[in-house]
Amino acid sequence: MSELLNVDCGVGGVTTHFRSREMGDDLHSETMILNLGPAHPATHGTVRIVVELAGEHIVDADVEIGYLHRGFEKMCETVDYNQVLPYTDRLNYVSPLINNVGWCLTVEKLLGIEVPQRAQYIRVLLSEISRISDHLTCLGASAMELGAFTVMLYMIEARELLWDLIEEVTGARLTISYTRVGGLKLDLPEGFGPKVLAALPKVDELITKCDRLLTRNRIFIDRMCDVGVISAEQAIDYSLSGPMLRASGVNYDVRKVFPYSSYQDFEFEVPLGTKGDNYDRFIVRLEEMRQSARIIEQAVARMPGGPISVEDPHIVLEPKDRVYNSIDGMINHFEMVIYGVKPPKGDVYLPVEGGNGELGFYAVSDGSGKPYKVHVRGPSTIHMGILRKLLIGANMADIVPTFGMVNMIGGECDK
């Protein structure tokens, strides 16, 4: 960027500066530097985008993801493996169940164990409910930021139906900490399957209303089509994943390529875009919700019986009746609470398909009850790397919808 002129104007709390630059046209001889965020409501309170504008045209952009000041990875190294779970809730806090599942699968890979099939199916069922909730939040907020307030209300209504189901199973709506290394905290409540099947048609009806309101709306199409285009080659070069990658036509879904928790047992399609613009990213998420509903229906119909945790007192807490009525049960309980699960020495990486893309955990064990090293591959961190490229050449009005379709979640960016 060129040298700043000695002009500093405070406009509505937003600081603007001017730069001299050869614009190559008769209309502009100076550009303006504008801070968008972190106070802007669309930037989640952490992101700061410094744009250089020639009129409404974005000449350059500097994107800062900011900090939540939590230190996720280092905190994980101070507690035992199960105590990491509340921290994972706060990564992508819109679909925390997927984070829970990803972490437990990573530790189970270190231990060399596989949970019972019923636990696997329950994990899939709740993960897909969470995926729909994630997409509803993203699309509803993005529609509202473009002025489609009714769509936001419909999508939040649909999300409430799903969060009621999650609350019934886990006891919480957002920070749920439901899975455990080796299984689950609780089994499904009685009659849960019929409640899920009763809620899905209502959710689908609300999604269909939003589809009809937006996807063939002339204003919406003009605002989203051919904006923020990412080619398949660029998407791969920037290590994008999830809807960001699939909107560019690249067929990669962790659930298909590296199946986990019995995903190989389920039939579903992977929606793909063609142009890789904001409109394609919107449509891909819309269709993914319908595919998640297919998986949920199959999980309910095929739900196996049996235990929900491995039967190993050195991995899973003993039942209370054994703790209170058996000396062995009490000793095992005390050891688990004091020392935690102790995987053998080694290191593993395991990815799952999060709401935004590939969510991967890398964990190193030194044989003790606490992780020696934890690293998380949060898709939001990766996706923010391409935002500057998407903004340069766009208009000022394109910043918010483009940022919305990236669907940055601050918890995933925090280290």
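Taking the conditions (1) at negative phi; (2) loosely packed, with under 15 Cβ neighbours inside 10 Å in turn, Gly147 satisfies each one other than (1). Residues of region 86-107 that are over 25 Å from Ile156 (Cβ atoms) and either surrounded by 24 or more Cβ atoms within 10 Å (Cβ to Cβ) or outside the structural domain of Val364 (by TED's automatic domain parsing) (or both): Gly102, Trp103, Cys104, Thr106, Val107.
When region 160-186 is filtered for residues that are out of contact with any Asp or Glu (no Cβ under 9 Å at 6 or more places or on another chain) and of a type in the set (D, E, K, R), the ones remaining, listed by number, are Glu160, Asp164, Glu167, Glu168, Arg180, Lys185.
With respect to Ile399, is the statement that it is more than 28 Å from Phe361 (Cβ to Cβ), more than 19 Å from the chain's Cα centre (by Cα), surrounded by 22 or more Cβ atoms within 10 Å (Cβ to Cβ) and not acidic (Asp, Glu) true? For Ile399, the condition - more than 28 Å from Phe361 (Cβ to Cβ), more than 19 Å from the chain's Cα centre (by Cα), surrounded by 22 or more Cβ atoms within 10 Å (Cβ to Cβ) and not acidic (Asp, Glu) - is met. When His383, His375 are checked against the criterion of being of a type outside the set (Asp, Glu), buried (at least 20 other Cβ atoms within 10 Å of the Cβ) and touching a residue at least 40 places away in the same chain (Cβ under 8 Å), His383 stands alone in meeting it. Count of region 96-122 residues, restricted to those that are of a type in the set (Phe, Trp, Tyr) and within 17 Å of Gly357 (Cβ to Cβ), is 1.
Conditions (1) without any contact (Cβ under 8 Å) to a residue 24 or more places away in the chain; (2) part of a helix (DSSP H, G or I), marked per residue:
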{"residue": "Met144", "(1), (2)": "yes, yes"}
{"residue": "Thr150", "(1), (2)": "no, yes"}
{"residue": "Leu153", "(1), (2)": "yes, yes"}
{"residue": "Ala172", "(1), (2)": "yes, no"}
{"residue": "Thr175", "(1), (2)": "no, no"}
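Taking the criterion of being crowded, with 19+ Cβ neighbours inside 10 Å and within 25 Å of Ala247 (Cα to Cα), the residues of region 294-304 that qualify are Ile295, Ile296.
Val270 satisfies every condition listed in (1) touching a residue at least 40 places away in the same chain (Cβ under 8 Å); (2) within 30 Å of Arg118 (Cα to Cα) except (1). Listed by position, the helices (runs of 4 or more DSSP H) inside region 368-415 whose residues that are closer than 16 Å to Gly276 by Cβ number at least 1 are 379-383, 387-391, 399-406.
Within region 254-301, the set of residues being among the charged types (D, E, K, R), assigned to a loop (DSSP other than H, G, I, E, B) and in contact with a helix residue (DSSP H, G or I) (Cβ under 8 Å, 6 or more places away or on another chain) comprises Glu267, Glu269, Asp277. Any residue in region 225-248 that is within 25 Å of Tyr154 (Cα to Cα), in contact (Cβ under 8 Å) with a residue 40 or more places away in the chain and of a type in the set (D, E, K, R)? Scanning region 225-248 turns up no residue that is within 25 Å of Tyr154 (Cα to Cα), in contact (Cβ under 8 Å) with a residue 40 or more places away in the chain and of a type in the set (D, E, K, R). On inspection, Ala198 qualifies as within 29 Å of Asp89 (Cβ to Cβ), out of contact with any helix residue (DSSP H, G or I) (no Cβ under 8 Å at 6 or more places or on another chain), among the small types (Gly, Ala, Ser) and in the same structural domain as Ile98 (by TED's automatic domain parsing).
For region 177-207, the candidate set comprises residues that are touching a residue at least 60 places away in the same chain (Cβ under 8 Å) and in a helix (DSSP H, G or I); within that set, the residue that is nearest to Glu318 (Cα to Cα) is Gly193. Considering Asp347, Asp328, the condition of being more than 22 Å from the chain's Cα centre (by Cα) and assigned to a helix (DSSP H, G or I) is satisfied by Asp328 alone. Kindly indicate whether any position in region 208-216 is touching a strand residue (DSSP E or B) at 6+ places or on another chain (Cβ under 8 Å), surrounded by 22 or more Cβ atoms within 10 Å (Cβ to Cβ) and touching a residue at least 24 places away in the same chain (Cβ under 8 Å). No - not one qualifying residue is present in region 208-216.
Quick one: would you say Val341 is surrounded by fewer than 23 Cβ atoms within 10 Å (Cβ to Cβ), under 22 Å from the mean Cα position of the chain (by Cα) and touching a residue at least 24 places away in the same chain (Cβ under 8 Å)?
On the way: surrounded by fewer than 23 Cβ atoms within 10 Å (Cβ to Cβ): yes; under 22 Å from the mean Cα position of the chain (by Cα): no; touching a residue at least 24 places away in the same chain (Cβ under 8 Å): yes.
No, not satisfied.
Among the residues of region 216-249, those identified as of a type in the set (A, V, I, L, M) and either part of a helix (DSSP H, G or I) or over 13 Å from Pro401 (Cα atoms) (or both) are Ile219, Ile221, Met224, Ile230, Ala232, Ala235, Ile236, Leu240, Met244, Leu245, Ala247. Please tell me if Ile236 is surrounded by fewer than 21 Cβ atoms within 10 Å (Cβ to Cβ) and modelled with pLDDT of 95 or more. Criteria met by Ile236.
Of everything in region 370-396 that is of a type in the set (Lys, Arg) and over 13 Å from the mean Cα position of the chain (by Cα), the residue that is nearest to Val51 (Cα to Cα) is Arg388.
The values are calculated or read from the model by the stated rules, or taken from the named source; none is laboratory data. Predicted, not measured: the structure shown is a model, and the values here were computed from it. Positions of Cβ are generated from backbone atoms using ideal geometry, with glycine treated the same way; all protein chains shown enter the neighbour counts.
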